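Here the structure is laid out as structure tokens; the discussion comes afterwards.
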Amino acid sequence: MEKWVQARYLGPQYLGEGHTKATCCEKHLALSQRAAAAGMVLLKNERHALPLSPEEPLVFFGKASVDYVKGGGGSGDVFTGAIDDIIGAFGARGNARFFQDTISFYDDYVKKQLASGYLPGMMPEPELPAGMMEKAAAFGGTAVLSFSRFSGEGWDRGSSAEHAQDSGDIVRLAGELFPRGDFYLSDPEKALLNAVCKNFGKVIVLLNVGGMMETACFKENPSVSAVLLTWQGGIHGCRAARDILLGTVSPSGHLPDTFARDLADYPGVSSFFDSDDYVEYEEDIYVGYRYFETIPGARERVVYPFGYGLSYASFSLCDLRLAENGGTFAAEGTVVHTGGSPAPAVVQLYVRCPQGKLGKPLAQLVGYARTRVLCPDDSSDAFSISFSLRDFASYDDTGKVHASSWVLEKGTYEFLIGWNVQDTQPLASYTVPEDRILEELAPRLVPSRLRRRLCSDGSFEPLPCRIPDPDPCVLPRQNIAEMEGRYPGEPGYPALTHAERAALPKLEAVADGSLSLDAFIHALPEEALLSLLGGQPNTGIANTFGFGNLPQYGVPNCMTADGPAGIRFDPRFETPTTAFPCATLLASTFDRDLLREIGKAGALEARENHITTWLTPGVCIHRNPLCGRNFEYYPEDPLLTAQQAGAVIQGIQCRGVVCNPK
């Protein structure tokens, strides 16, 4: 009966076109698929292995051919409709020849593993039955080899089986499946890769992952023809991957993270599991490409750099210029399609800052632009990337130039434009003759317990340690064990007569302007304020609680919903919603307009299901590949995070829905 909960509490409310149901509608599913295709990153394409011919014989390898992971677990999971695997996506297209033996083998294997309690992306890679590889090689054609990964809320990706022994069941399972950590291929996966490469002349690798993993084993293997990073593409991610493989859509995603050779190449990994209570943020601002492009010797460890992504088209830049007016800049130019398939291009603008008293990265993203789809007969598109002085200023937390201030140190700032952080050309320079203070602020979040932090030359700067104020709150501290409370929504309000209730201040008076919000809040008794702040029980199909619920004051009971990949309800309610691609894939699109559309679509599904607040987007930085929730967050770069997440927020808010960035 759980699926009828919505009908018990709430009436129908269809907000789609023509008063049809918007939640998980075809329009939103198509948007999810379009976004998935826009964010998938082509890492390798030797000898024009891709796109495939529609009639090309295919042999699918890897349990991930069936074991598709649409997104991560926890609040980032979405209960949705039927999900294709990569084999099913190709089969729906028709006109394809498949080697059926591996399809049947993996299908039976995955069904049995799921029935026994395994999760998608968290089951062992099986060994093929004797003789099947030889039979597959005799069938011929192209091998499509898939690998998948899964992680979720409440646990991180283990770095070794040794760490997994002290953790929960799912982490122990991950330690058994991936003794070196799931950043690397397991021994069975490596054995399968080697066997496929030995028996097939054309090998396409698909990486169905939510975060970073090793890629040197594919890039440096001459037998691997192409590598497509499909990320975790939501409900129709496999259809998007199919369209790219067949050339219906040109790949246009660019890496939002640096893919390094080894896990140990990332700063902070060695101390990641030192404590469950704290993290030593010794790398300071040198995260991701800011680390690899700046710290001596680190650049050589990069396999695929930030911003990297191949296309089925080629492009060039012309008419480049940089205009400046009162501290506001505009980098302008034209992208020209010079050959290949119709495709959009992504232009990226970086700044190289002078090294002064404050350390700075040798490359810093200050803007980007994505063109429309360019064709041979419609071959150019003008772009403009706007930014300001603040976008390449430095924050001085300890007072080397001016404490608690945004500053521009004197020197020459060089602007570089191109296709990724390592493939750029000079655009212009800007000289600051003297140190400039752009904004003075009060000291906040000054390092107090951090003993040292990384400098741009690879050395460490010692920091003064102090004891911070543990409780800056002006209210007296209370003993939590002795505090009294009750579950949200329990009875306890005094009974009021009709006249007394009518005399109470109402929230609608704030809306019509006859009462200020401050006056309304001051008129509420402490009991009402506590209830307002304390959370409210779920109504309808919500499962992350709510707020408000002061009917005598005209405050409605406002429900919330997870999460970053779409509106999330408890699966018991059997209300499927659109599962959009994971946030890392959405960051890879470098497309603000597309993410604004996704914000609008998700907000419409929220409103239709009486949700007022959507708990999204997640805006943490990809500091470390081992973070189990990286799939919920955008990139390793703060500017790309802010602009992509900001576009989602704009889309949500324009529908009248509140968003709650996490």
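The values are calculated or read from the model by the stated rules, or taken from the named source; none is laboratory data. This one's a predicted model, so the numbers in the text were calculated from it and none came from an experiment. Please note: Cβ atoms are built from the backbone with ideal geometry, for glycine as well, and neighbour counts cover all protein chains shown. The protein model used for the area step is the full one, side chains on, heavy atoms only, and it has no ligands, DNA or RNA in it. Shrake-Rupley method; radii C 1.70, N 1.55, O 1.52, S 1.80 Å.
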* Structure fact -> Apart from one, (1) more than 21 Å from the chain's Cα centre (by Cα); (2) among the β-branched types (Val, Ile, Thr); (3) over 25 Å from Ser459 (Cβ atoms) all hold for Thr294; the odd one out is (3)
* **Residue satisfying all of: in segment 36-68; assigned to a helix (DSSP H, G or I) and closer than 18 Å to Leu193 by Cα; most open to solvent (accessible area, probe 1.4 Å) among these** => Glu46
* **Selected residue (criterion: surrounded by the fewest Cβ atoms within 10 Å (Cβ to Cβ)) from residues of segment 389-406 that are outside any loop (DSSP other than H, G, I, E, B) and of a type in the set (D, E, K, R)** => Arg390
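Here is a list: Leu119, Leu114. Which entry is open to solvent by 30 Å² or more (accessible area, probe 1.4 Å) and free of Cβ contacts under 8 Å to residues at least 24 places away in the same chain? Walk me through how you get there before you give the answer.
Numbers: Leu119 fails: free of Cβ contacts under 8 Å to residues at least 24 places away in the same chain.
It is Leu114.
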* Take the residues in segment 449-467 that are open to solvent by 40 Å² or more (accessible area, probe 1.4 Å) and in a loop (DSSP other than H, G, I, E, B), then tell me which one is farthest from Ile295 (Cα to Cα). => Ile467
* **Cβ pairs under 9 Å, 6+ apart, first in segment 618-636 and surrounded by fewer than 21 Cβ atoms within 10 Å (Cβ to Cβ), second among the β-branched types (Val, Ile, Thr) and not in a loop (DSSP other than H, G, I, E, B)** => Val619/Thr641; Cys620/Thr641; Ile621/Thr641
* Structure fact -> Within segment 167-190, residues among the small types (Gly, Ala, Ser), touching a residue at least 24 places away in the same chain (Cβ under 8 Å) and either open to solvent by 20 Å² or more (accessible area, probe 1.4 Å) or part of a helix (DSSP H, G or I) (or both) come out as Ala174
* Pick from segment 69-100 the residues that are in contact with a helix residue (DSSP H, G or I) (Cβ under 6 Å, 6 or more places away or on another chain) and open to solvent by less than 30 Å² (accessible area, probe 1.4 Å): which of them is farthest from Ser146 (Cα to Cα)? -> Gly76
* When the residues of segment 256-292 are filtered to those that are part of a loop (DSSP other than H, G, I, E, B), of a type in the set (D, E, K, R) and open to solvent by less than 30 Å² (accessible area, probe 1.4 Å), which remaining residue is farthest from Gly181 (Cα to Cα)? -> Glu283
* Among the residues of segment 191-215 satisfying the criterion of being farther than 27 Å from Gly247 by Cβ and aliphatic (A, V, I, L, M), which is surrounded by the fewest Cβ atoms within 10 Å (Cβ to Cβ)? -> Ala191
